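Visitor: Here it is, the structure, as C-alpha cells.
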Amino acid sequence: MDILFSASNAFCKYLKEDLNRLPSPDDKRIGTQPVQTTQECMAWQCHAVKRPSSQGEKIDVIAVEARSRYVILFSDPQFESLDAFFKLFRKRWAEQSVHMAIESGAVASAMADDMFEQFKNTPITALFCKNTDLSINGHVSDAQQWLLQSYEHYGVDDLDREEEFGLGRHINQFRKKAKPFPGAKRQESFLPMSRIVDDWLYRFAKGLSEWSYPDTEEGHFPNPYRLESHRECGQFSVTVDELLKESIPDNVVDLADARRRKEKSTA
C-alpha cells in the first residue's frame, strides 16, 4: 500500500525539504489539491506549528488522516528528516492501530502480536508532496488549539508519548463533518475513531475476526472502501487510475452496522 503525505509549506520548511507539488489534473488549485484515502492509498495531511514556550520557540507536528480526520500528535518531536518523521509515524501508527482495535472489542488482546506482525509485513511506500488540503486544514487547526490549551492547562512545555496519545484519543472521539469525496454537495457526520479502526481492521487484522460479515471472506473484516469506490466522484488519488467496475451486492454492510447488530443479538 501507499501512504501519501500531503505536507504543508510549514512542514516542508520545518524539515528543510523542497518537495514537489501534488499534480493538478486541471491546473487549478495548485498546492491545495484535495487528497483522499482509498484501499490502495492512505492520505495524511501534515503540518508543523510553531509555539512559544519557557524554553524558547518549539514546533509541534500534526498529522490528520483524510477519510477519518483521525489525528496523530507529535509534541516538539525535533524531526531532522522525512525519514525520521516516517519512522516515528509508522511506529505510532502501529501502536495505536493495535491498541484501538483491541479496545473496540473487534479483536481479542491475545491477537495483538498477530496484528503487529501483519502491520510489519505489509509493504508500505511513503509518498511525500507539498500540498495543503483546505478541507482537512480546519481539523489540523482544531488539533493545534487542543495542544495549546493542554500546555497552558497543565503548565508544561511538552507532552510525553502517553500524553500525546491520550490527547489525540480525546480529540478523535468528537464527531466530525466532512464531504465524503471531492465535489460532493453534502457533508457526512462521523466519528474519527470509528472510521480509522474500520480501516485498521481491514488492513491489519485479516483472519482475526470472530464473526462473519456479508460478502467478506471468513475471518476477515469488511472492506470499508468498497462502497465508496463506486461513487462517481472521479479519481481519488494519484495512485488510483480508475474506479472499480463491479456492482455492489445489496447485502453489503459496514463494520459499525455489523457490530451494532452483533451487540443486539448478544444483549
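The values are calculated or read from the model by the stated rules, or taken from the named source; none is laboratory data. Keep in mind that this is a model prediction, so the values were computed, not measured. No Cβ is skipped: glycine too gets one built from the backbone with ideal geometry, and neighbour counts run over all protein chains shown. Remember, those area values only see protein heavy atoms, side chains included, never the ligands or the DNA or RNA. Shrake-Rupley method; radii C 1.70, N 1.55, O 1.52, S 1.80 Å.
Visitor: Look at segment 12-31 and say how many of its residues are in contact with a helix residue (DSSP H, G or I) (Cβ under 9 Å, 6 or more places away or on another chain) and at pLDDT 90 or above.
Guide: Selection size over segment 12-31: 4.
Visitor: Hand me the list of helices (runs of 4 or more DSSP H) wholly inside segment 154-267 holding 2 or more residues that are more than 18 Å from the chain's Cα centre (by Cα), at pLDDT below 70 and of a type outside the set (A, V, I, L, M, F, W, C).
Guide: Answer list for segment 154-267: 255-266.
Visitor: Tell me which residues, restricted to segment 193-218, are free of Cβ contacts under 8 Å to residues at least 60 places away in the same chain and either aromatic (Phe, Trp, Tyr) or under 12 Å from Thr37 (Cβ atoms) (or both).
Guide: Asp198, Trp211, Tyr213, listed by residue number.
Visitor: Same structure, new question: Run down Leu88, Leu73, Leu134 and say which single residue is modelled with pLDDT of 95 or more, within 18 Å of Val49 (Cβ to Cβ) and open to solvent by 30 Å² or more (accessible area, probe 1.4 Å).
Guide: Residue meeting the stated conditions: Leu88.
Visitor: Does Arg195 count as touching a Lys or Arg at 6+ places or on another chain (Cβ under 8 Å) and of a type outside the set (Ser, Thr, Tyr)?
Guide: Yes, satisfied.
Visitor: Give the residue, chosen from Leu191, Leu159, Leu167, that is surrounded by 12 or more Cβ atoms within 10 Å (Cβ to Cβ), of a type outside the set (Gly, Ala, Ser) and more than 25 Å from Ala106 (Cα to Cα).
Guide: Leu159
Visitor: Considering only segment 52-70, state which residues are within 12 Å of Leu148 (Cβ to Cβ) and open to solvent by less than 10 Å² (accessible area, probe 1.4 Å).
Guide: Matches in segment 52-70: Asp60, Ile62.
Visitor: So, Ser135, is that one touching a Pro at 6+ places or on another chain (Cβ under 7 Å), closer than 20 Å to Trp44 by Cβ, assigned to a helix (DSSP H, G or I) and touching a residue at least 24 places away in the same chain (Cβ under 8 Å) or not?
Guide: The answer is yes for Ser135.
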